[in-house]
């Protein structure tokens with residue numbers, strides 16, 4: 001996954017994140033969600049299935065390399081782009 005942030009003045013930042021790292025943080029984040037049930041709505045928790053998210057990330061990495069999932073530019077000229 002590639003995250004690119006550009007400011008209006010031309011300064012920017014490019015970050016490459018391996019999909020394995022993304023999958024790891026989703027799995028560990030789900031662990032935290034399970035232990036915070038007092039603060040999160042049960043309806044929202046049923047959509048946070050770590051196995052489903054892991055499978056979805058595997059498929060995205062395998063079948064959709066190069067897909068841009070976020071491409072946003074604000075009125076100040078700052079630009080954020082996330083590509084798989």
> What is the residue count in region 39-51 for residues that are under 16 Å from residue 23 (Cα atoms) and either surrounded by 10 or more Cβ atoms within 10 Å (Cβ to Cβ) or touching a strand residue (DSSP E or B) at 6+ places or on another chain (Cβ under 8 Å) (or both)?
Replying inline: 3
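Got at least one residue in region 71-79 being surrounded by 10 or more Cβ atoms within 10 Å (Cβ to Cβ), touching a helix residue (DSSP H, G or I) at 6+ places or on another chain (Cβ under 8 Å), at pLDDT 90 or above and part of a loop (DSSP other than H, G, I, E, B)? Even if it seems obvious, please write down each step before you answer.
Step one: filter region 71-79 for residues surrounded by 10 or more Cβ atoms within 10 Å (Cβ to Cβ), giving 71, 73, 77-79.
With touching a helix residue (DSSP H, G or I) at 6+ places or on another chain (Cβ under 8 Å) added as a condition, the list becomes none.
Checked against the condition, which is being surrounded by 10 or more Cβ atoms within 10 Å (Cβ to Cβ), touching a helix residue (DSSP H, G or I) at 6+ places or on another chain (Cβ under 8 Å), at pLDDT 90 or above and part of a loop (DSSP other than H, G, I, E, B), region 71-79 yields no hits at all.
Take the residues in region 48-66 that are in a loop (DSSP other than H, G, I, E, B) and out of contact with any helix residue (DSSP H, G or I) (no Cβ under 7 Å at 6 or more places or on another chain); name whichever of them is farthest from residue 7 (Cα to Cα). If you could, list the steps in order and put the result at the bottom.
Of the residues in region 48-66, the ones in a loop (DSSP other than H, G, I, E, B) are 48-49, 64-66.
Among the residues that remain, those that are also out of contact with any helix residue (DSSP H, G or I) (no Cβ under 7 Å at 6 or more places or on another chain) are: 49, 64-66.
Working: 49: 35, 64: 27, 65: 25, 66: 22 Å.
Step by step, filter region 48-66, then rank; the result is 49.
The values are calculated or read from the model by the stated rules, or taken from the named source; none is laboratory data. If you're wondering where the values come from, they're calculated on a predicted model, not measured in any experiment. Glycine also receives a Cβ, built like all others from the backbone with ideal geometry; neighbour counts cover every protein chain displayed.
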